[in-house]
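The values are calculated or read from the model by the stated rules, or taken from the named source; none is laboratory data. All of these numbers come straight from a predicted model, not from anything done at the bench. Don't worry about glycine lacking a Cβ; one is built from the backbone with ideal geometry, like all the others, and counts go over all protein chains shown.
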Amino acid sequence: MGFTVELWKSIEAIYAAILRHPFLRGLTDGSLPRAGFQFYAVQDALYLREFARALSIAAARAPRDDWIIMFNEHAAGALRVERALHESFFREFGLGPHEVAATPLAPTNLAYTSYLLAVAYAAPFHEAIAALLPCYWIYWEVGKELERAGSPDSLYARWIGTYASKEFGGLVRAVLDATDHTAAGLQPAELDAMRRHFHTTSRYEWMFWEMGYRRESWPL
């Protein structure tokens, strides 16, 4: 059994809570208000900019050449491919790129991206990959689950299709494989550190959808 199988089993309760979240239920039944999705899409675009930075830092510290290439390519993809998806949404919302870029990160977004960057900068590679993994893996699992349910809303169906796609699944499988290979030669204390980061960022994934649903803002 690979280490990633153990990781996934350890967050089953978190993942179940994610699937129950009204933001995701609203995507599949079409009841999510457009304002909530617009807020989420803007924050997600801002998140991806920082996620790409963390991927590039992880790439620089990766012990294998193919992982250096992979994470740098994923960083470019986060800014290029997924940004194209977001910008298609923004055109429908009447938002320009400067308006999006000028939007401050919501508190949860700032906390999550700061955590990822701190781990990528300061922790060993095995900890960084564990912290980055939930953003890949949970979105892929959510995309597949939501695609089975379908959505009457074409915009929401387009979002779901991106993360349920075979192309995205291929990226996730590559990171899962790198994580298992990384974990194979580690000591128990190092594996514990990977578990802690994986659990923390999995919780942040739930919080990110909660942030979008509530349209979280700074109180002051």
How about the stretch 63-77: which of its residues are surrounded by fewer than 20 Cβ atoms within 10 Å (Cβ to Cβ) and among the small types (Gly, Ala, Ser)?
Ala76, Gly77
Subset of the stretch 109-124 (residues that are of a type outside the set (A, V, I, L, M) and either at pLDDT below 95 or surrounded by fewer than 20 Cβ atoms within 10 Å (Cβ to Cβ) (or both)):
Ser114, Tyr115, Tyr121, Pro124
Which of the residues spanning the stretch 156-187 are among the aliphatic types (A, V, I, L, M) and more than 30 Å from Gly36 (Cβ to Cβ)?
Ala174, Leu176, Ala178, Ala183, Ala184, Leu186
Among residues of the stretch 168-185 being crowded, with 19+ Cβ neighbours inside 10 Å and over 18 Å from the mean Cα position of the chain (by Cα), the residue farthest from Ile69 (Cα to Cα) is Ala183
Does the stretch 173-189 hold any residues that are part of a loop (DSSP other than H, G, I, E, B) and touching a residue at least 60 places away in the same chain (Cβ under 8 Å), and which are they?
Ala184, Leu186
Looking at the stretch 146-161, is at least one residue out of contact with any Gly (no Cβ under 6 Å at 6 or more places or on another chain), at pLDDT 95 or above and closer than 18 Å to Ala52 by Cβ?
no
Note on the stretch 49-62: residues surrounded by fewer than 22 Cβ atoms within 10 Å (Cβ to Cβ) and closer than 15 Å to Arg80 by Cβ are Arg49, Ala52, Arg53, Ser56
For the structure I just gave you, tell me whether Arg215 is in contact (Cβ under 8 Å) with a residue 24 or more places away in the chain and on the phi > 0 side of the Ramachandran plot.
yes
